[in-house]
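Working notes, structure below.
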Amino acid sequence: MEAKKDKDILRGGQFLVKETNCADVFTPEDFSEEQTMMKESVKEFNDREIIPHKNRFEAKDFALTEEVMKKAGDMGFLSVAVPEEYGGMGMGFVSTVLTCDYISSGTGSFSTAFGAHTGIGTMPITLYGTDEQKQKYVPKLASGEWFGAYCLTEPGAGSDANSGKTTATLSDDGKSYKINGQKMWISNAGFCRLMIVFARIEDDKNITGFIVEYDKENPNGITLGEEEHKLGIRASSTRQVFFSDTVVSTENMLAGRGEGFKIAMNALNVGRIKLAAACLDSQRRILTTAVTYANERKQFNTRISDFGAIKVKLAEMAASAYAGESATYRASKNIEDRIAMRQAAGNSHQEAELKGVEEYAIECSILKVAVSEDVQNAADEGIQIFGGMGFSEETPMEAAWRDARIARIYEGTNEINRMLAVGMLVKKAMKGHVDLLGPAQKVQDELMGIPSFDTPDYSELFSEEKEMIKKLKKTFLMVAGGAVQKFGPDLEAHQQLLIAAADILIEIYMAESAILRTEKNAKRFGEDAQSAQIAMAKLYLYHAVDIVEEKGKESIISFAEGDEQRMMLMGLKRFTKYANYPDIVDLRKEIAEKVKEEEKYCF
C-alpha cells in the first residue's frame, strides 16, 4: 500500500481543528485479506486454547498462562510487530492492534501476559536497542523461547515513574553495573527470562534502562516475591522483584544514560492504544453472552430481551463497543501511515515507529481512557442482565467485571491520561504543531457576534450530526482557550479543570470516529445495510453532547466570572443544542432488535 504523503495525514490532535473526510478514515471494514486471515486465526486460537480453560485461569493456574503463551509463540502471534530481520512477521501497526484485539478477550490473565510481553517486554529493545542487542534478544522474545517483563514501578513510585530509588553503580573497571533495589507489580515475573529494568545512576535527573537476563538456576542476585493475589487477572504472574548486587554488562544499557524515562513514556504510548484494543473483543463477547442469556431467560412468560429496560442496556453496550472499535482502528491506521511516511523519508524502522506513535500520543491516551471505562460499564451491565446469576462465579460476567477493573489503572491511570491528553495538546499548540490559537480566537469572535437564525438543510445523512461535532469542537476551544488565557503555564495545577476538558476532548474523538466510519460504510454499502450502525453513531453522539454540556459548564464556572461567564455559558448552550433531537428510544430499539435477532455483537 502506498504511503500517504505528509499533507494527507492529520497530525496528532489536529482532528480538533481540521475536518476529516470519511473517505480518509480506516475502519474494520477495510481490513485487507491478510488482516482478515490473521483475525480469523487469532479468534480460532482464542476459542481453542483460552476460552475452554477459563476456570483454570480463574483458579490461578499460572503454569497454564505460560503454556498458552508458548503456543501463541509457536503460532507467530508474539512476533507480529517484530521486524523480519529479528525473527518477526514485520506486519504493520494495524495488524499488531488487530492481533491484540482478538487474542485478549478469553481472559484478562492471558491478555495481560500477552500485552506485557509483546509490548513493554519486547518493544523497548526493538525501538531503542543497538543492532547487537536486537540480534541477541529479539528473536528469542519473538518466538516465545524467552518471555519478557518490564520492571519500572516501585513501592514509593507509582504514577511518578521517574522517582524510583533502584540504583545502578558502575564497577571499578567500567565494564558492568551493579543494580540494587525493589520493583513491584511486575507482570510475567514468575516465568520471564529477560527483564527491562529501570535504575538511577548516581544522582542523574532521569532513570536509565537496562536489559537484564534472569535465569532461575543462576539468579545473579535477583529474587522474586510470592505471587500477588489480585481482584482480577488472577493467572497473570504478578510479583515483586528484588535486586541485590545484580551484575549487568555496560553493553546491556538500553539507549543512553538517563534515557530511561523517555523509553518508559514512549513504551506507554504504544501500550495505551494496545490496551484499548485489548478491551474491544471483551466488549463484543460480553454483549454476545448477555444477549444470548437475555433471549433464553423468561420472566412473566416473556423473554427478558423483549423488555424495554434490557433493550436499553443492549443498545448502549453495542454503541460503546462500536465507537471504541471505530476510534481505535482510525488511530491505528494514522500511526501506521505516519510510520510509512517517515520510513519513505529515510528514517530507520526504530525512528519511524517511535515518532509515528509519539505523534498520536494524545489519541492513545484518549482511547485508553474511553475504552477501558466502556468495557467496565459493559461488564457491569452484563452482570445486571444476568441478575443474581451474574454475581455467581458459575457465569462468566463476574470474571469479566473483575478483569476489566485493572484496565483503568495500568498504562497510566485514567486520571493521569486525562490530564496528559489536554497537556500534550497545549504543548503541541505551543510548538505550532496544532493551531489552537487561531480557531479559539474565531470561536471568541463568534460568541461576540449575532448568531444566525437560518434553518440549515439537514436532509443528507449525518449533516446535523457533523454540524454538532463542529459545535462540540468549538466548545472545547472556548473552554481550553479561556483556561489557557486565565492560567497560562499554571494550567497543569488545575487538575479538575483539565479532567473536565479532557472528557470533552474524548467525547469529540470517539463520537466523530463512529460517525465517520458509518458515513464511509453507508456510502459504499448503502444506508439500509448500515441502518443499525447509523443508529449507534447517533446514539453515541447524543450522550457525548450531554457529557460535553455538563463538563463545559463545570469548566466555565471554575475559571470565568461575570459577563465573561455569562457569555461563555450562552455559547455553551448554543453549541450543545440540536435543531432536531434524535428519538433515542427508537434508536435504542433498532439497535437492540438487531443484536437480539443476530444473538451477538454483529457489526
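The values are calculated or read from the model by the stated rules, or taken from the named source; none is laboratory data. Small disclaimer: the values here were computed from a predicted structure and weren't measured. Cβ sites come from the backbone with ideal geometry, for glycine too, and all protein chains shown count toward neighbours. What goes into the accessible areas is simple: the full protein's heavy atoms, side chains included, and nothing from ligands, DNA or RNA. Shrake-Rupley method; radii C 1.70, N 1.55, O 1.52, S 1.80 Å.
Report yes if residue 365 is of a type in the set (Gly, Ala, Ser), modelled with pLDDT under 95 and not assigned by the TED database to the domain that holds residue 514, otherwise no. Spelling it out, it is not the case that residue 365 is of a type in the set (Gly, Ala, Ser), modelled with pLDDT under 95 and not assigned by the TED database to the domain that holds residue 514. Going by what's in this entry, would residue 172 be described as of a type in the set (Asp, Glu), outside the structural domain of residue 80 (by the TED database), in a strand (DSSP E or B) and open to solvent by 20 Å² or more (accessible area, probe 1.4 Å)? Here the answer is no, as residue 172 does not meet what is asked. So which residues in region 447-464 are touching a Lys or Arg at 6+ places or on another chain (Cβ under 8 Å) and small (Gly, Ala, Ser), if there are any at all? Scanning region 447-464 gives no hits. Among the residues making up region 175-212, those that are aliphatic (A, V, I, L, M) and either in a strand (DSSP E or B) or more than 29 Å from the chain's Cα centre (by Cα) (or both) are 179, 184, 186, 194, 195, 196, 197, 199, 201, 211, 212. Within the set 519, 467, 492, the sole residue that is at pLDDT below 95 and either touching a Lys or Arg at 6+ places or on another chain (Cβ under 7 Å) or charged (D, E, K, R) (or both) turns out to be 492.
Residues in region 139-169 that are of a type in the set (Ser, Thr, Tyr), touching a Lys or Arg at 6+ places or on another chain (Cβ under 7 Å) and assigned to a strand (DSSP E or B): 167, 169. The helices (runs of 4 or more DSSP H) found wholly in region 91-138 and carrying at least 1 residues that are farther than 19 Å from residue 50 by Cβ and in contact with an Asp or Glu (Cβ under 8 Å, 6 or more places away or on another chain) occupy 93-103, 123-128. Restricting 490, 528, 503 to those that are under 22 Å from residue 331 (Cα atoms), open to solvent by 10 Å² or more (accessible area, probe 1.4 Å) and of a type outside the set (Lys, Arg) reduces the list to 503. Would you call residue 126 touching a residue at least 24 places away in the same chain (Cβ under 8 Å), β-branched (Val, Ile, Thr), out of contact with any helix residue (DSSP H, G or I) (no Cβ under 9 Å at 6 or more places or on another chain) and surrounded by 20 or more Cβ atoms within 10 Å (Cβ to Cβ)? Taking the combined requirement at face value, the residue does not satisfy it.
Yes or no, residue by residue, for (1) of a type in the set (S, T, N, Q); (2) surrounded by 22 or more Cβ atoms within 10 Å (Cβ to Cβ); (3) in contact (Cβ under 8 Å) with a residue 12 or more places away in the chain; (4) touching a strand residue (DSSP E or B) at 6+ places or on another chain (Cβ under 6 Å):
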| position | (1), (2), (3), (4) |
| --- | --- |
| 407 | no, yes, yes, no |
| 420 | no, yes, yes, no |
| 444 | yes, no, yes, no |
| 447 | no, no, yes, no |
| 452 | yes, no, no, no |
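So in region 76-119, with the set limited to residues that are free of Cβ contacts under 8 Å to residues at least 60 places away in the same chain and of a type in the set (Asp, Glu), which one is surrounded by the fewest Cβ atoms within 10 Å (Cβ to Cβ)? It comes out as 84.
The test for being open to solvent by 20 Å² or more (accessible area, probe 1.4 Å), in contact (Cβ under 8 Å) with a residue 12 or more places away in the chain, touching a Ser or Thr at 6+ places or on another chain (Cβ under 7 Å) and closer than 30 Å to residue 434 by Cβ does not hold for residue 23.
For region 311-334, the criterion of being farther than 25 Å from residue 36 by Cβ and free of Cβ contacts under 8 Å to residues at least 24 places away in the same chain is met by no residue.
Scanning region 454-484 for residues that are open to solvent by 20 Å² or more (accessible area, probe 1.4 Å) and among the polar types (S, T, N, Q) returns 455, 459, 463. Every condition in (1) open to solvent by 20 Å² or more (accessible area, probe 1.4 Å); (2) within 18 Å of the chain's Cα centre (by Cα); (3) not β-branched (Val, Ile, Thr) is met by residue 398 except one, and the failing one is (2). Here is the figure for region 409-418: residues that are open to solvent by less than 50 Å² (accessible area, probe 1.4 Å) and not in a helix (DSSP H, G or I) total 3.
Restricted to region 531-603, the set of helices (runs of 4 or more DSSP H) holding at least 2 residues that are open to solvent by 70 Å² or more (accessible area, probe 1.4 Å), without any contact (Cβ under 8 Å) to a residue 40 or more places away in the chain and more than 19 Å from residue 507 (Cα to Cα) comprises 562-575, 584-598.
The set of residues in region 222-255 that are more than 19 Å from residue 150 (Cβ to Cβ) and assigned to a loop (DSSP other than H, G, I, E, B) comprises 226, 229, 231, 232, 234.
Going by the structure shown, is residue 435 free of Cβ contacts under 8 Å to residues at least 24 places away in the same chain and of a type in the set (Asp, Glu)? So residue 435 does not fit the description; no. If you filter region 133-160 down to residues that are out of contact with any strand residue (DSSP E or B) (no Cβ under 8 Å at 6 or more places or on another chain) and in contact (Cβ under 8 Å) with a residue 60 or more places away in the chain, you find that the one that is surrounded by the most Cβ atoms within 10 Å (Cβ to Cβ) is 142. For residue 392, the stated conditions hold: it is hydroxyl-bearing (Ser, Thr, Tyr) and modelled with pLDDT of 90 or more. What single numbered condition from (1) at pLDDT below 95; (2) assigned to a helix (DSSP H, G or I) fails to hold for residue 19? That leaves (2) as the condition not met.
All conditions but one from (1) within 24 Å of residue 534 (Cβ to Cβ); (2) aromatic (Phe, Trp, Tyr); (3) surrounded by fewer than 16 Cβ atoms within 10 Å (Cβ to Cβ) apply to residue 300; the one that does not is (1).
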